[in-house]
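Q: Take this structure, written in structure tokens, and hold onto it; I'll ask about it next.
What follows is calculated from the coordinates using simple rules that are stated; it is not laboratory data. It should be emphasised that the depicted structure is a prediction, and the values quoted were computed from it without experimental measurement. Glycine also receives a Cβ, built like all others from the backbone with ideal geometry; neighbour counts cover every protein chain displayed.
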Amino acid sequence: MKKETVSEKKSIGILKALNKLVPVIIKAAPVFVGVTTFVSIMHGISWGIETMMQQKFFDAATLLVSGESTSSRVLVALLMLGGANVLCQVLNGIGNFLPDVMGQKITGALSVSIHKKMAKLSPVIFEDTDKLDDINKAEQGKNNAVWFVFIFVTIFTFYLPYFLFMGWYLFSLKPILATSIILAFIPTAAVQIIRTKVFAKLEDKSAPIRREYDYFESCMVSREYFKETRLLGGFSYFKKLYLDALDTLQKLRFQATMKTNLIELTMRMLGVAGYFGIMLMLFDALMKQEITVGAFAAVFNSIGLLYSIMEEVVCRHIGSMAQSMGSVQNYLNFLDLEERTGTIDEAPTWGDITLENVSFSYPKSEKQAVKNATFTLKKGETLAIVGENGSGKSTLIRLISGLYLPSEGRVLMNGVDTKDLAPKALFNDTSAVFQKYQRYQMTLEDNITVSDTEKDYDEAILDSISEKAGTDKNSTSFADGYKTMLSREFDGVDLSGGEWQRVAIARGFFRDHDLIILDEPTAAIDPYEETRIYNRFAEISKDKSAIIVTHRLGSVKLADRIIVMKDGEVSQIGTHDELIVLEGEYKRLYEAQEQWYKEDVVAS
Ligand SMILES: Nc1ncnc2c1ncn2[C@@H]1O[C@H](COP(=O)(O)OP(=O)(O)OP(=O)(O)O)[C@@H](O)[C@H]1O
Ligand SMILES: [Mg+2]
């Protein structure tokens, strides 16, 4: 199996991430953010004030002992110290409650923004594995993003005012003492900067591997895969691939954790050295009588707190910011994913669809899946597209329907470029049965009507559509008629491949349309039934535009014209009668199939 290469993803730093996130979050809950910020700043300063009050109290008490002060002064100092403490506690209480409420409000607002963005995404993005990763993790990243910004805001509105206040206070006592803040900061901050980088890199490296092992796991245990993997003996093969991927992932994680732990240990040692340095400075200042005993006691008391707070900020808070950086980045990348930029909200009136020199390459692929296609699907025309596997048929219909936009050239819907159409103006008049259609784990009725959930219908409409698609609600497969649950997971039944395909066709027919696209809708259906379905189809699409992609050339005769694809290029266009007489791809394909049937006849 081909290993996916680790791709370099767009990575951004914490500051850039914040730069993008903060406005989004402020916009989501401006009043809450304002009030929380204010409370937080006051809370930070109140801690510093408490230290000052401690000094005043210690000084007053020392002076009282030496007879230079009165007990009422000590009492006043004590009351002020008590007041500062109460203020701290009150602000702490409010500060604990507000972020919870704010977090819920912001998370809700961001969820809405994710859904809005989803609706505008360019569908071709889903072909790009890295971008899929961003989409899948956007939801988790969003939750982390709220937490991420909250920590950041707390650092700036609570811890920073506290440190600034303490810096000013220490400086006013003796300038050199203010360096203690820096000494406490440098080693702890250095650890976290490194930690951020290590974990961001780890996330980049592990995302594709995680995707791989999730996939291998599903190959072993999921219902769609397990029959084939068991029968063909692939189980142990997938198990090995799964364990290998898991092993690689664990090694990467272990290396990253070891690296950060070692660095952290070294920096902690430096921190301890810094702490003793400050204590010496403080003692020296006291001995030289540059500071009072009260100041010595208050600072001695608060330096421990300062260190532990610094550790809390940097290790716990910035540390968890660093660890969530990866998924926050997924969320930010998701917000940056390209959207359909078309501005025309009104769908063009139904008419011709013209392709002008249309080429298309899939993301990360150099090969052009469709090359320089030029033709017109006339209003009301039925077009068949034929060609070998991989010749670009499915890609071509995604371009014609406006699902994908061409890399080069233009697709015009009644003269309007598909790239100028807003998402809501697209697909209004289009229905499709895709080659890889969905098997919804819902009732038969829901499986049919999901293609047009706004449409009013009754049983007669369902009957008529089902009949055309070859689905019979009275067949033994559907014990409860349209209410039969089509899902083993939800205690219902499963259908055969051909039966599912007919349900998918009924779904395509149910949706009101001017254009209907059938991409090999009958591959699993027997030839007799296929002919019947196509005849019915010709009937219902008489005045509508239709495109049929098929490998069974017997069914293309009902089309007005046939497009023959070869290696991404439109190699021939014409009616069956026109093409069959030409020496070309169509004749070659047709004769190959005809031969096959003849030999079949001989053999029987
Ligand atoms: N998601 C994708 N990413 C990259 N390349 C793709 C992707 N899907 C298709 N291709 C490539 O584009 C080319 C055209 O594929 P397409 O699915 O349009 O062929 P097709 O004619 O519909 O084939 P089939 O008859 O097997 O359905 C193929 O060579 C295929 O490898
Ligand atoms: Mg195809």
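Q: Going by average Cβ density within 10 Å per residue, which order do the peptides 270-283, 64-77, 368-381 take, highest to lowest?
A: For the peptides 270-283, 64-77, 368-381, the packing ranking is 368-381, 270-283, 64-77.
Q: Using a 7 Å offset from the Cα along the Cα-to-Cβ direction at both GLN255 and THR575, what is the distance between the two label points in nm, to one decimal?
A: The modelled label-to-label distance comes out at 6.7 nm.
Q: Right, here's the next one. Let me check against my output: what whole-number percent is the relative contact order of the range 202-270, with C-alpha pairs under 8 Å and at least 6 apart?
A: Here the relative contact order equals 38 percent.
Q: Further question: Express in nm, to one decimal, how much length is gained between SER222 and ASN19 on full extension, taking 0.36 nm for each residue of separation and deducting their alpha carbon distance.
A: 68.9 nm is the gain from fully extending SER222 to ASN19.
Q: Quick check on packing: order 303-315, 91-103 by the mean number of other C-beta atoms within 10 Å, highest mean leading.
A: Output ranking for 303-315, 91-103: 303-315, 91-103.
Q: While we're on this one: I need the peptides 224-235, 197-208 ranked by packing, meaning the mean over residues of other C-beta atoms within 10 angstrom, with the highest value on top.
A: Highest to lowest by the protection proxy: 197-208, 224-235.
Q: For every other residue with a beta carbon closer than 14 angstrom to the beta carbon of SER113, add +1 if it is Lys or Arg and -1 if Asp or Glu, then tell me the sum.
A: So the surrounding residues net to +4.
Q: In the neighborhood of PRO187, defined by Cβ-to-Cβ distances under 11 Å, what is the net charge if each Lys or Arg adds +1 and each Asp or Glu adds -1? All intermediate terms of the calculation are to be shown ahead of the outcome.
A: On the way: positive: ARG268; negative: GLU264, GLU311.
Local charge sum for PRO187: -1.
Q: Quick check: residue separation of LYS117 and SER69 times 0.36 nm, minus the Cα distance between them. What number comes out in nm?
A: Roughly 10.4 nm would be gained on extension.
Q: Between THR341 and ASP480, what FRET efficiency comes out of the Förster formula 1/(1 + (r/R0)^6) with R0 = 41 Å and r the beta carbon distance, rounded to 0.05?
A: FRET efficiency, ASP480 to THR341: 0.35.
Q: Oh, and also: Taking the Cβ of MET321 as the center, what net charge do the other residues with Cβ under 14 Å away carry, scoring Lys and Arg +1 and Asp and Glu -1?
A: Spelling it out: positives minus negatives among the neighbours equals +2.
Q: Let me ask another. Give me the percent of DSSP beta bridges within the chain that run antiparallel, rounded to the nearest 5.
A: Working: 20 of 40 bridges.
If I count the DSSP bridges inside the chain, around 50 percent turn out antiparallel.
Q: Return a whole-number percent for the relative contact order of the range 14-336, with Cα pairs under 8 Å and 6 or more residues apart as the contact set.
A: Details: 311 pairs, mean separation 104.1, N = 323.
Taking the mean separation of contacting Cα pairs over the length of the range 14-336, I get 32 percent.
Q: How much length is gained on full extension from LEU305 to LYS419, taking 0.36 nm per residue of separation minus their Cα-Cα distance? Kindly include the intermediate steps, with their values, before the conclusion.
A: Values: separation 114, 0.36 × 114 = 41.04 nm, distance 6.03 nm.
Using 0.36 nm per residue and subtracting the Cα-Cα distance, I get 35.0 nm.
Q: How would you rank ASP577, ASP59, going from fewest to most other Cβ atoms within 10 Å of each one's own Cβ?
A: ASP577, ASP59
Q: Expressed as a rounded percentage, what relative contact order does the chain have, with Cα pairs under 8 Å and six or more residues apart?
A: Over the chain, the number comes to 14 percent.
Q: Also: What FRET efficiency comes out for the pair LYS239/THR376, r = Cβ-Cβ distance, R0 = 35 Å, nearest 0.05? Could the numbers behind the result be given before it?
A: Working: r = 53 Å, r/R0 = 1.52.
The computed FRET efficiency comes out at 0.10.
Q: Let me know the shape class of the range 192-348, please: from the alpha-carbon gyration tensor, a ≥ b ≥ c as square roots of the eigenvalues, rounded when a/c is under 1.5, otherwise prolate if a/b is greater than b/c, or oblate. Let's see the in-between values first.
A: Values: a/c = 5.02, a/b = 2.08, b/c = 2.41.
Judged from the Cα gyration tensor, the range 192-348 comes out oblate (a/c at least 1.5, b/c at or above a/b).
Q: With N set to the residue count of the chain, report its C-alpha Rg divided by 2.2 N^0.38 Å to two decimal places.
A: Here the Cα radius of gyration is 1.40 times the empirical estimate.
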